[in-house]
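These notes are about the structure you will find just below.
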Amino acid sequence: MIHDKDYIMRIVKQFSELLATMMLGKNEGELNDEQTLFETQMRNAFKMDFDELAGKSAAEMSQWVEAKDKSHQIGYYELLGNLFYYKFTIDPNIGFALKAQTFYEKWLQESQIFSLPVMSKLAELKKFADSNNGVDV
């Protein structure tokens, strides 16, 4: 059973690393390869595609994370924050911005880690939400 938990966290970490690489533009692979890898990692981590996940409210996703093992929750919150921030950078819309903001804030609260990059992203997301008269997700 411990082996299964290690596998889940490895998948979450790999997906987070992939998103970070894609956001920084350091991946030298082709776009089709990136998309295939992204979709594979989505299915491995969430058992659904991005559109299906994005259709859920932030509260539903938080409930799903809270049902996970306590030691995995921080990783999932970070992953969800990175995932919605990445999608926000590609398609700036209020839904992605508010979900990224929600999950980054939950990650900061749960991990108790002060992260300047996350704080910078939160400031950008809040500014976007304020300028677009944000609505609840």
Query raised in the report: among the hydrophobic types (A, V, I, L, M, F, W, C) and open to solvent by 70 Å² or more (accessible area, probe 1.4 Å) - does that describe any residue in segment 100-108?
Result: no
Query raised in the report: residue 83: within 22 Å of residue 11 (Cβ to Cβ), touching a residue at least 40 places away in the same chain (Cβ under 8 Å) and in contact with a Ser or Thr (Cβ under 8 Å, 6 or more places away or on another chain), yes or no?
Result: no
Requested in this report: May I ask you to list the residues in segment 10-25 that are touching a Phe, Trp or Tyr at 6+ places or on another chain (Cβ under 7 Å) and at pLDDT below 75?
Outcome: 22, 23
Report summary line: The number of residues in segment 42-84 that are over 18 Å from residue 19 (Cβ atoms) and not in a helix (DSSP H, G or I) is 6
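Is it the case that residue 28 is acidic (Asp, Glu), open to solvent by 80 Å² or more (accessible area, probe 1.4 Å) and modelled with pLDDT under 80? Lay out the reasoning, then the answer.
Details: acidic (Asp, Glu): yes; open to solvent by 80 Å² or more (accessible area, probe 1.4 Å): yes; modelled with pLDDT under 80: yes.
Yes; evaluated as a whole, the condition is true for this residue.
Are any residues in segment 109-136 in contact (Cβ under 8 Å) with a residue 12 or more places away in the chain and part of a helix (DSSP H, G or I), and if so, which ones?
110, 111, 118, 121, 122, 125, 126, 128, 129
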Query raised in the report: Of 88, 96, 103, which residue is in contact with a Lys or Arg (Cβ under 7 Å, 6 or more places away or on another chain) and either at pLDDT below 95 or assigned to a helix (DSSP H, G or I) (or both)?
Result: 96
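Yes/no matrix, rows are residues, columns are (1) over 21 Å from residue 117 (Cβ atoms); (2) out of contact with any Lys or Arg (no Cβ under 9 Å at 6 or more places or on another chain); (3) open to solvent by less than 60 Å² (accessible area, probe 1.4 Å):
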site	(1), (2), (3)
42	yes, yes, yes
51	yes, yes, no
66	yes, yes, no
81	no, no, yes
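The values are calculated or read from the model by the stated rules, or taken from the named source; none is laboratory data. If you're wondering where the values come from, they're calculated on a predicted model, not measured in any experiment. Reconstructed Cβ throughout: ideal geometry from the backbone, glycine too, with neighbour counts over all protein chains shown. Note: accessible area is taken over every heavy atom of the protein model, side chains too, but ligands, DNA and RNA are not part of it. Shrake-Rupley method; radii C 1.70, N 1.55, O 1.52, S 1.80 Å.
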